[in-house]
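Remarks on the structure that follows.
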Amino acid sequence: MDIERRNQLAREALDGYLSGPDAPVEATAAAVATADSARSVILVEGISDQIALETLAGRLGRDLKAERVVVVSIGGAQAIEGHLTRFGPNGAGLALTGMCDAGEEKHFRLALTAAGLGSPRNRTDLERLGFFVCVEDLEDELIRACGREAIETLLDSQGDLGSFRTLQQQPAWRSQPFRAQMRRFLGAGARRKLRYARLLVLSSDPDRIPQPLEAVLAMACFRR
């Protein structure tokens, strides 16, 4: 596949979303502005999480705009407490849910406690409050949901299979399992991580939708 076609596919995958060095700040500002008219807010760490959830909602036939549910990319887990305060009972009074990576679970628990939204001691407590944790991270969840065969077919359709094969042959990654190789490949560039957040959701087995993504959308729908 020629470079022009690959670039076109990349643009199509990110249609409607910001990318580039200023994207995290701009995306957070845009989502916060939209959240002012929402009834429910889903707080996520980054744009890739936002893309994955909004893509999944569409795939499940849900209209988040009509439901007045807004997915807010907060620009990193360190910003969670401020957003909980802004949108929670001490601020806008909106229904709150959220999703984070496993490495940020403790940070989210402490922030919820500090914001007066509960005292979650473990993952079960977090889920009762409407906050769900990805095993490892979003990418790991999506890789497991899709499976190796579907992912390699997807990479080939996007003109990226050759680049992935090159990574697999590198000494540092040759003996690593497929999931680790794929996570490294996705993390090699911010734009790649964003576009595959959408593409992997669209390619995932409908019977293997990652539980944290499905659960947070369901909770956001019923929270009032």
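The values are calculated or read from the model by the stated rules, or taken from the named source; none is laboratory data. Not measured: the values here are computed from a predicted model. Note that we place each Cβ from the backbone using ideal geometry, even for glycine, and neighbour counts take in every protein chain shown.
Summary of values
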| item | result |
| --- | --- |
| Residue match in region 166-186 (condition: free of Cβ contacts under 8 Å to residues at least 60 places away in the same chain and within 15 Å of the chain's Cα centre (by Cα)) | yes |
| ARG109 vs. criteria among the charged types (D, E, K, R) and buried (at least 22 other Cβ atoms within 10 Å of the Cβ) | yes |
| Pairs, first outside the structural domain of ARG59 (by TED's automatic domain parsing) in region 190-202, second of a type in the set (S, T, N, Q) and assigned to a helix (DSSP H, G or I), C-beta under 7 Å, six or more apart | LYS193/SER48; LEU194/SER48; ALA197/SER48; ARG198/THR55; VAL201/THR55; LEU202/THR55 |
| Evaluation of LEU56 against (1) surrounded by fewer than 14 Cβ atoms within 10 Å (Cβ to Cβ); (2) touching a residue at least 12 places away in the same chain (Cβ under 8 Å) (one fails), failing number | (1) |
| Region 36-78: number of residues that are β-branched (Val, Ile, Thr) and in a strand (DSSP E or B) | 7 |
| In region 175-224, residue farthest from LEU129 (Cα to Cα) [restricted to those that are of a type in the set (D, E, K, R), out of contact with any helix residue (DSSP H, G or I) (no Cβ under 6 Å at 6 or more places or on another chain) and at pLDDT 95 or above] | ARG184 |
| Some residue of region 107-115 being in contact (Cβ under 8 Å) with a residue 60 or more places away in the chain, outside any loop (DSSP other than H, G, I, E, B) and within 22 Å of ALA38 (Cα to Cα) | no |
| Residue match in region 80-88 (condition: surrounded by 15 or more Cβ atoms within 10 Å (Cβ to Cβ) and part of a loop (DSSP other than H, G, I, E, B)) | yes |
| Any hit, region 205-222, residues being of a type in the set (Asp, Glu), in a helix (DSSP H, G or I) and closer than 24 Å to GLU4 by Cα | no |
| ILE51 modelled with pLDDT of 80 or more and either in contact with a strand residue (DSSP E or B) (Cβ under 6 Å, 6 or more places away or on another chain) or outside the structural domain of ALA218 (by TED's automatic domain parsing) (or both) | no |
| Extreme residue, farthest from GLU54 (Cα to Cα), among residues of region 123-136 that are at pLDDT 95 or above and part of a loop (DSSP other than H, G, I, E, B) | LEU129 |
| Conditions (1) surrounded by fewer than 15 Cβ atoms within 10 Å (Cβ to Cβ); (2) at pLDDT below 95; (3) not hydrophobic (A, V, I, L, M, F, W, C); number of the one not met by GLY159 | (1) |
| Output for region 137-179, where each listed residue is of a type in the set (Gly, Ala, Ser) and assigned to a helix (DSSP H, G or I) | ALA145, ALA150, SER157, GLY162, SER163 |
| Verdict on GLU67 being surrounded by fewer than 13 Cβ atoms within 10 Å (Cβ to Cβ), out of contact with any Ser or Thr (no Cβ under 6 Å at 6 or more places or on another chain) and of a type outside the set (A, V, I, L, M) | no |
| Flag for ASP49 being touching a residue at least 40 places away in the same chain (Cβ under 8 Å) and under 25 Å from TYR196 (Cβ atoms) | yes |
